[in-house]
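K.L.:
Dumping the structure here so I can ask a few things about it.
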Amino acid sequence: MRTYLLAVLVNNTPGVLTHVSGLISRRAFNIESISAGYTEDENVTRINIEVSVESENELDQVVSQLSKLIDIIKVVNLSKAPSIERELVMIKVRATKKERADLVNVVNVFRGNIVDITSENVVIEITGTKRKIDAITEVLAEYDIVEIARTGAIGLSRGPVPVKAM
Amino acid sequence: MLMNGAKALLESLKAEGVEVAFGYPGGVVLRLYDEIYKMKFPHILTGHEQGAVHAADGYARASGKVGVVFATSGPGAANLITGIATANMDSAPLVCITGQVANPAIGKDSFQEVDVCGITTPITKHNYLVKNVNDIPRVVKEAFFIARTGRQAPVVIDVAADVFSAEIDFNYPEIVKLPGYSGKYPVKAEEVEAVVEAVKAAERPLIFFGGGVVSSDTAKELREITEILGVPTASTLMGLGSIPYDTKGYLGFAGMHGAYGANMAIQNADLLLCVGMRFSDRVTGRVAEFAPKAKIAHFEIDLAEVNKNVAADLKVLGDLKESLPLFLDKLKKAGVDFKAKFTPWRDDAVKKGEEHPLGFADSGDNITPEDIIEKVEEILGENTIAVTDVGQHQMWAAQFYKVREPRGFLTSGGLGTMGFGLPAAIGAKLARPDKNVVLFTGDGSIMMNCQEFVTAAENNIDVKVIIFHNSLLGMVGQWQRLFYEHHYSASELSYKRDFVKIAEAMGVKGARLETKQDLNKLEGLLNEKGAMVIDVIIPKEADVLPMVPGGKRLDEMVLRNNN
């Protein structure tokens with residue numbers, strides 16, 4: 001299994017997420033994460049999909065099936081182009097006064113931020129690649145993790161050419 | 001011009017050239033039906049929404065035009081689902097217009113509310129929920145454009161009830177603006193050239209064609225290519241008629257119940273020219289050993305079909321309307337006498353097929369399926385559209401009916417929908433009143449939409465319905481005999497169904513044929529005006545053969561009498 005990040009530009013219309021998610025379930029594709037948001041063009045939404053596939057052929061199937069949807073303007077496989085990938089995670093860890101200093105050190109090493117502190121816990125925010133986020137969650141497993149929220153990966157191509165022109 | 005949304009919808013349909021719609025009224029579409037009444041919009045009331053959608057599908061397949069269906073919200077829309085899925089699998093263009101509950105009621109589990117877009121997303125090319133009356137002209141324009149261009153398919157338009165009554169200043173758009181869909185499928189000349197080179201290098205090429213040839217209206221080009229190459233040809237179930245049955249080197253249809261010659265030629269060929277087909281599991285047999293000696297060249301409009309089930313060595317993406325003429329032209333200019341080179345292989349392939357021809361053994365006084373199909377064909381002749389339901393009779397019809405033209409054989413291939421036949425035949429006759437329309441159906445299938453006999457009677461639609469009556473769900477029974485120790489679990493239709501009376505009760509004439517001698521009555525019956533049901537009693541335990549059992553290679557066929 002290999003994971004690829006697809007940047008999918010779609011019309012900003014109601015129903016488009018149903019069409020995309022319906023296709024994924026209908027064709028039994030494996031999705032690691034999916035996120036969507038506005039773009040520089042108010043008519044266009046960008047959907048970021050991390051897809052896991054067994055083979056290149058399966059990946060081609062995902063891309064060509066997605067491309068067939070009427071609402072979809074463009075599908076680009078960012079993992080195959082020079083690109084930057086980021087994911088944001090927020091982790092709530094149980095931490096009393098005693099453990100706080102230790103946690104601050106860990107967070108600093110990973111260049112994260114502590115965005116909330118109470119007497120019982122802290123909330124840590126980290127941005128980075130999947131690998132970095134996996135690494136910090138592994139370290140934090142020594143503490144008592146209360147909950148985790150991850151955005152899934154988003155990405156941009158490097159250089160001047162945007163996805164819409166690729 | 002100011003008008004309400006219902007009228008705007010109908011005016012939009014008129015602008016698209018819609019000649020007839022099939023449908024069934026209900027609560028939220030009353031405003032729409034009131035405008036149908038006032039405008040005298042041509043409308044066929046069916047007995048069931050499923051009948052309406054299959055009729056529109058039959059209309060579309062017979063004519064090449066877009067079929068149109070109306071249904072109300074909730075159960076009305078839900079009853080369309082089987083028909084939409086049927087059309088989607090076989091790439092038939094439909095626009096289905098469903099009523100939705102009014103805007104303020106959406107999402108409240110209101111009376112007769114169902115999420116139509118949610119349900120139809122996996123079985124349509126596209127769908128719309130129209131919540132604003134001003135979207136109607138644009139959405140209708142787009143829906144027809146999407147349904148009829150590219151790989152054809154159904155599109156659903158779900159309209160909130162209050163939209164029908166809201167006022168709009170009606171203007172029908174002239175152009176479609178879809179940033180993600182151009183409806184154009186250009187062909188790359190170098191891809192065609194690569195196939196020409198492959199043909200030059202081949203010893204045993206075979207043309208294997210499917211429903212894409214029918215829907216793109218390219219049978220003429222395909223026939224010319226066949227003629228120039230002198231190669232054998234095989235059809236899929238959906239491609240029947242694109243090459244006439246009596247063309248030299250035509251081996252019949254291939255696949256699970258395909259002709260021996262067609263299946264053997266696929267396994268022996270060294271180049272398969274696959275034109276407008278999608279390698280369904282019913283066609284490939286064990287897919288890993290499909291055409292093991294052959295390079296595969298795939299002519300296809302739908303990018304997602306290439307390499308989906310079978311890997312293609314060469315592909316020609318794009319509209320067959322463009323790729324086939326280009327291919328023909330390049331073959332003509334290749335400076336090779338293909339015919340001289342390939343006819344010996346073609347003749348061998350034909351000879352191979354003749355080792356195991358289709359056909360039944362003599363059955364004494366009983367009528368065999370072959371008898372009836374051939375006799376019907378002989379009487380009705382070339383100007384005929386044959387329609388089928390699903391099951392044994394469908395395979396027999398595909399094997400024995402002499403199909404001469406594309407759109408001359410209508411069947412539910414991909415979804416295999418029992419109950420498709422009668423409404424589809426009605427739709428086909430409305431689309432092509434100049435043609436004879438005959439339906440081959442079974443005593444199982446016909447019961448699934450027999451309410452549409454009334455539709456035929458009420459609208460004077462002249463369809464001839466041949467029921468293969470063996471008191472068994474024949475195909476289920478065949479599998480139970482072969483693979484489930486002859487356990488007829490829930491497949492026997494032992495209680496007598498009197499189809500003559502059923503027909504007569506719904507205003508259609510009926511007759512029964514029981515022995516071979518009764519076949520003499522057939523000509524008189526088929527020549528009568530108006531719809532007619534002919535209930536033909538056939539032996540209970542006839543098999544459809546050859547048969548490639550599930551998981552077997554195409555050349556591992558069970559043949560008649562094991563010969």
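The values are calculated or read from the model by the stated rules, or taken from the named source; none is laboratory data. All values reported here derive from a predicted model rather than from experimental measurement. A quick note on method: Cβ atoms are made from the backbone with ideal geometry, for glycine too, and the neighbour counts reach across all protein chains shown.
K.L.:
Could you list all residues from segment B:167-214 that are small (Gly, Ala, Ser) and either within 26 Å of A:Val8 (Cβ to Cβ) or modelled with pLDDT under 95 (or both)? First the steps, then the outcome.
P.N.:
First, pick out the residues of segment B:167-214 that are small (Gly, Ala, Ser): B:180, B:182-183, B:189, B:194, B:198, B:201-202, B:210-212.
Answer for segment B:167-214, where residues must be small (Gly, Ala, Ser) and either within 26 Å of A:Val8 (Cβ to Cβ) or modelled with pLDDT under 95 (or both): B:Gly180, B:Ser182, B:Gly183.
Yes/no matrix, rows are residues, columns are (1) within 20 Å of B:Leu380 (Cβ to Cβ); (2) surrounded by 15 or more Cβ atoms within 10 Å (Cβ to Cβ); (3) at pLDDT 95 or above; (4) in contact with an Asp or Glu (Cβ under 9 Å, 6 or more places away or on another chain):
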| position | (1), (2), (3), (4) |
| --- | --- |
| B:Ala490 | no, no, yes, no |
| B:Val500 | no, yes, yes, yes |
| B:Leu513 | yes, yes, yes, yes |
| B:Asp518 | yes, yes, yes, no |
| B:Leu526 | yes, yes, yes, no |
| B:Ile534 | yes, yes, yes, no |
| B:Gly550 | no, no, no, yes |
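K.L.:
Taking B:Lys7 as meeting all but one of (1) more than 23 Å from B:Asp162 (Cα to Cα); (2) assigned to a helix (DSSP H, G or I); (3) in contact with an Asp or Glu (Cβ under 6 Å, 6 or more places away or on another chain), write down the number of the exception.
P.N.:
Of the numbered conditions (1) more than 23 Å from B:Asp162 (Cα to Cα); (2) assigned to a helix (DSSP H, G or I); (3) in contact with an Asp or Glu (Cβ under 6 Å, 6 or more places away or on another chain), the odd one out for B:Lys7 is (1).
K.L.:
Filter segment B:177-201 down to residues that are more than 11 Å from chain A (Cβ to nearest Cβ), among the aliphatic types (A, V, I, L, M) and more than 30 Å from B:Val231 (Cα to Cα), then give me how many there are.
P.N.:
Number of matching residues: 0.
K.L.:
In addition: Of everything in segment A:77-89, what is in a strand (DSSP E or B) and either within 11 Å of chain B (Cβ to nearest Cβ) or surrounded by fewer than 19 Cβ atoms within 10 Å (Cβ to Cβ) (or both)? Give them in sequence order. Don't jump to the end; show me each part of the working.
P.N.:
Looking only at segment A:77-89, we keep the residues that are in a strand (DSSP E or B), and these are A:77, A:83-89.
The answer is A:Asn77, A:Ser83, A:Ile84, A:Glu85, A:Arg86, A:Leu88.
K.L.:
Separate question: Could you figure out which of (1) of a type in the set (S, T, N, Q); (2) away from every other protein chain (no Cβ under 11 Å); (3) buried (at least 24 other Cβ atoms within 10 Å of the Cβ); (4) in a helix (DSSP H, G or I) isn't true of B:Asn134?
P.N.:
Failed condition: (3).
K.L.:
Quick check on this structure: which one of A:Lys74, A:Lys92 is basic (Lys, Arg), over 17 Å from the mean Cα position of the chain (by Cα), within 14 Å of chain B (Cβ to nearest Cβ) and not in a helix (DSSP H, G or I)?
P.N.:
Numbers: A:Lys92 fails: within 14 Å of chain B (Cβ to nearest Cβ).
Only one candidate passes the filter, namely A:Lys74.
K.L.:
Of the numbered conditions (1) part of a loop (DSSP other than H, G, I, E, B); (2) crowded, with 21+ Cβ neighbours inside 10 Å, B:Ile146 fails exactly one; give the number of that condition.
P.N.:
Checking B:Ile146 against (1) part of a loop (DSSP other than H, G, I, E, B); (2) crowded, with 21+ Cβ neighbours inside 10 Å, the one that fails is (1).
K.L.:
Related question: For segment B:505-563, which positions are part of a loop (DSSP other than H, G, I, E, B) and of a type in the set (A, V, I, L, M, F, W, C)?
P.N.:
Of segment B:505-563, the ones part of a loop (DSSP other than H, G, I, E, B) are B:506-508, B:514-515, B:528-531, B:538-546, B:548-557, B:559, B:563.
Within segment B:505-563, B:Met506, B:Val508, B:Ala531, B:Ile538, B:Ala542, B:Val544, B:Leu545, B:Val548, B:Leu554, B:Met557, B:Leu559 qualify.
K.L.:
Could you look through segment A:21-70, keep only residues that are within 13 Å of chain B (Cβ to nearest Cβ), in a loop (DSSP other than H, G, I, E, B) and modelled with pLDDT under 95, and pick out the one that is surrounded by the most Cβ atoms within 10 Å (Cβ to Cβ)?
P.N.:
The qualifying residue surrounded by the most Cβ atoms within 10 Å (Cβ to Cβ) is A:Phe29.
K.L.:
Exactly one condition in (1) aliphatic (A, V, I, L, M); (2) within 20 Å of B:Asp319 (Cβ to Cβ); (3) part of a loop (DSSP other than H, G, I, E, B) is false for B:Ala291; which is it?
P.N.:
B:Ala291 satisfies every listed condition except (2).
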